[in-house]
Amino acid sequence: MSNFSSSYLPTQYHRKNSQNETDTNGNNNATATTITTLPLSNKNQNQKAPSKNISKPPSKSTYRLLVATFLAYSIFLGWYVSTRPKGKWKSPFSWHPFLMTLGMTGSMGIAAITKKLGGYTNTKLHGMIASLGFFLSLGGLYAIYHNKNLYERPHFTSVHGKIGIAVVVGMVGPLLAGAVVLHPDFGIDKTNQTIRKIHKVFSRILMAVAWGNSLYGLYGMRSEHPMELIAYGLPLAILMPLTLL
């Protein structure tokens, strides 16, 4: 007999098979025939239910460790770079690296790994934490803008400044998409997989650029202090694949 299940055989085959068994047994009044169903071959099972590569969400312990790492990094290293070169807080400039690190690295990083957990509650938390990160970044942007005004210097003339303003403006798109289109309660097209994919990929690209730009900005101030650059950049290099991939 064929390796295919009887459920895949045409109707005419069933009728012919039933008639043959009736003739063999000499029972013309038979109303039903039992047909043995053979299991599908491995090849057909794979065709029927193709496997999907779905990344596993982080465990609770891994998630907590990552959250603690992002908090410690953004608070302590954010404060450290904000008090260079003399170890003193200098307002309003010091607010710029501090709020940018808290917003773009700490808050956005926690928002990304929270979304990886999946589910209704985590999706809403993801949106709220990401929004907090965006507004913290706006505060950091205002701080450097105000600082430039105080010293009567032109705005956004450096590569670091141009990349920074581009990232902050670019973040508006994913935030609006998440709030208006993909919100789990009232999103107008929250099940659209294409929009969800674009939202995810574009957001993570912006985060990667922001993290790299923060290190680039520190390099512009502290290029003669390589240990500070390593202390700031190495955790980012470790956290990036764990968060953005």
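Can you pull out every residue in the stretch 59-93 that is without any contact (Cβ under 8 Å) to a residue 40 or more places away in the chain and among the charged types (D, E, K, R)?
K60, R64, K86, K88, K90
Looking at G118 and the list (1) touching a Pro at 6+ places or on another chain (Cβ under 9 Å); (2) over 30 Å from K90 (Cβ atoms); (3) surrounded by 14 or more Cβ atoms within 10 Å (Cβ to Cβ), which single condition is not satisfied?
(3)
Could you tell me which of the residues L117, L125, L150, L136 is among the aliphatic types (A, V, I, L, M) and in contact with a Gly (Cβ under 9 Å, 6 or more places away or on another chain)?
L136
Before we move on, is I54 of a type in the set (V, I, T), out of contact with any Asp or Glu (no Cβ under 7 Å at 6 or more places or on another chain) and modelled with pLDDT under 95?
Yes, satisfied.
Given the condition modelled with pLDDT under 95, within 30 Å of H126 (Cβ to Cβ) and not hydrophobic (A, V, I, L, M, F, W, C), answer yes or no: does some residue in the stretch 31-51 qualify?
yes
Give the residue, chosen from I144, I110, I129, that is farther than 14 Å from R204 by Cα, of a type in the set (V, I, T), in the same structural domain as V209 (by TED's automatic domain parsing) and in contact (Cβ under 8 Å) with a residue 40 or more places away in the chain. Please lay out each step first, then the result.
Details: I110 fails: farther than 14 Å from R204 by Cα; I129 fails: in contact (Cβ under 8 Å) with a residue 40 or more places away in the chain.
Exactly one residue qualifies, and that residue is I144.
Looking at the structure I just gave you, is L206 aliphatic (A, V, I, L, M), modelled with pLDDT of 95 or more, under 16 Å from the mean Cα position of the chain (by Cα) and assigned by TED's automatic domain parsing to the domain that holds G127? Steps first, please.
Details: aliphatic (A, V, I, L, M): yes; modelled with pLDDT of 95 or more: yes; under 16 Å from the mean Cα position of the chain (by Cα): yes; assigned by TED's automatic domain parsing to the domain that holds G127: yes.
Yes, satisfied.
The values are calculated or read from the model by the stated rules, or taken from the named source; none is laboratory data. Since we're looking at a predicted model, the values are computed, not measured. In this analysis, Cβ positions are derived from the backbone assuming ideal geometry, glycine residues included, and neighbour counts consider all displayed protein chains.
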